[in-house]
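Novice: Can you keep this structure in mind? I'll have questions shortly.
The values are calculated or read from the model by the stated rules, or taken from the named source; none is laboratory data. These figures come from a predicted structure and were not determined experimentally. Cβ placement follows ideal geometry from the backbone for every residue including glycine, while neighbour counts extend to all protein chains displayed.
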Amino acid sequence: MPRRLRFAPPGYWLHLTQRGDNKQPVFIADEDRHHFLTLVGTLSEARQVRVAAYTVGGRNDATSLFMMDLNGQCATYRNSTQRTTRCAIGHVKDAREMH
């Protein structure tokens, strides 16, 4: 049975990810990455989808480490200012999963 379409009314922000099967890389060569980015541009225009931001990389690249640091420090700050170990909308590190 095919998967149902995702609920996404106009103007609704979504966080989308692309991951390889069995922790394999999605892109083997630079040409794969280039083709993917070309498709993002072509299909987003054809489907009238506005892409606000994106990153292309592996799980162990500098971007992943940056996001781990950012989320960890944000959680520490929120927890210290809110005097709690949980944020109002859930754990900061889990907040990205909510969208």
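Novice: Report, ordered by the first and then the second residue, all pairs with beta carbons closer than 7 Å, sequence separation of six or more or different chains, a first member in the stretch 40-52 that is surrounded by 11 or more Cβ atoms within 10 Å (Cβ to Cβ), and a second member that is in a helix (DSSP H, G or I) and not β-branched (Val, Ile, Thr).
Specialist: Within 7 Å, the pairs are 51/44.
Novice: Now for a different question. What single numbered condition from (1) among the hydroxyl-bearing types (Ser, Thr, Tyr); (2) under 19 Å from the mean Cα position of the chain (by Cα); (3) part of a loop (DSSP other than H, G, I, E, B); (4) at pLDDT below 75 fails to hold for residue 85?
Specialist: (2)
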